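Quick notes on the structure that follows.
Please treat every number below as a calculation from the coordinates, not as lab data. Predicted model only: the values in this text are computed from it and were never measured. Ideal geometry is used to build each Cβ from the backbone, glycine not excepted, and the neighbour counts take in all protein chains shown.
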Ligand code: 13P
């Protein structure tokens, strides 16, 4: 199938082409919960970081196309070294992941040579390769609690998830000062104000929010754990990237849902659109590669993460 008139194709035609291409190429499409609904509709599976990683190890498809950001596609590639892994947009990346380099982590490890390193999944493969175990927002508290109390723990790169995990585990962690700009921007005052405005709503937030905001929330959890909460509750303030709010509004129109802030937009997650995904499928781009030495070490760290589902 060679398509020349991309700009003229309407949504319905694009969905039709996507279905044909997925079958023809034996391609499995994964989308993160933050993706536009038009993109989620193409996906064979929509989920959070941990779920996507797990599901990616189960598919028999020859190609996996990930709609999200580079660190997620890299994770899928590391866990599936023999599959062709494509990413929906050539430069949808994660600013948090790139705030510190592997050299920064090596320097920290030199300073604390006996510490175990826990690496949050929003990190480049090279950082995962320097760590004992990777975690996501869904299992970070559990992963750290599995490390004996007498051991020092370096937790990178997100200082806010680190602070939340330290608080929940009642232990000190050695951390970087990196953060996610989408979540970090929410102030305690904003969280308190919205709770005042909607007194009978539950506030649920992602642990990339600051510790002050997390402490104000009724639940701190991953995006898919938020979906589970909304299934059981009718009035909820959604404290994460706005894409999740739109997904929930779409699937649960009868529920009373409010975004914590309309400012919570991840520009990189929003780089992927319907046309872009179908085009990536047709042209089999943008292929993800990870250098062999990094891949092997990072896989060990990611395999351990998958034990904490
Ligand atoms: P999840 O762990 O819910 O997938 O969140 C990932 C993320 O990028 C949060 O900003």
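The length gained on full extension between residue 263 and residue 149, counted as 0.36 nm times the residue separation minus their Cα-Cα distance, comes to 37.2 nm. Judged by the gyration tensor of its Cα atoms, with axes a ≥ b ≥ c, the stretch 139-263 is prolate; a/c meets the 1.5 cut and a/b is the larger of a/b and b/c. Reported to the nearest whole Å, the Cα centre-to-centre distance from the stretch 1-50 to the stretch 206-284 is 20.
Between 128, 70, 215, the residue with the greatest mean-square fluctuation in the GNM of the chain (Cα pairs under 10 Å linked by springs) is 215. A Gaussian network model of the chain, with springs between Cα atoms under 10 Å, assigns the largest mean-square fluctuation among 12, 189, 172 to 12.
Our helix-only sum for the chain, with -39,500 (n - 2.57) per DSSP H run of n ≥ 4 divided by its residues, gives a mean residue ellipticity at 222 nm of -12000 deg cm²/dmol. Indicate the gyration tensor shape class of the chain (rounded, prolate or oblate), computed on the Cα atoms with a ≥ b ≥ c the square roots of the eigenvalues: a/c under 1.5 is rounded; otherwise a/b larger than b/c is prolate and the rest oblate. Because a/c hits 1.5 or more and a/b fails to exceed b/c, the chain counts as oblate. Modelled spin-label separation between residue 215 and residue 232, with each label point placed 7 Å from Cα along the Cα-to-Cβ direction: 2.6 nm. Considering only 136, 57, 210, the mean-square fluctuation computed in a Gaussian network model of the chain, springs between alpha carbons under 10 angstrom, is largest for 57. Between residue 104 and residue 142, full extension at 0.36 nm per residue minus the direct alpha carbon distance yields a gain of 11.1 nm. On full extension, the segment bounded by residue 300 and residue 271 gains 7.4 nm, given 0.36 nm per residue less the C-alpha separation. Once both labels are positioned 7 Å from their Cα atoms along Cα-to-Cβ, the gap between residue 251 and residue 283 label points is 3.2 nm.
For the pair residue 196 and residue 41, a Förster radius of 41 Å applied to the C-beta separation gives a FRET efficiency near 0.65, rounded to the nearest 0.05.
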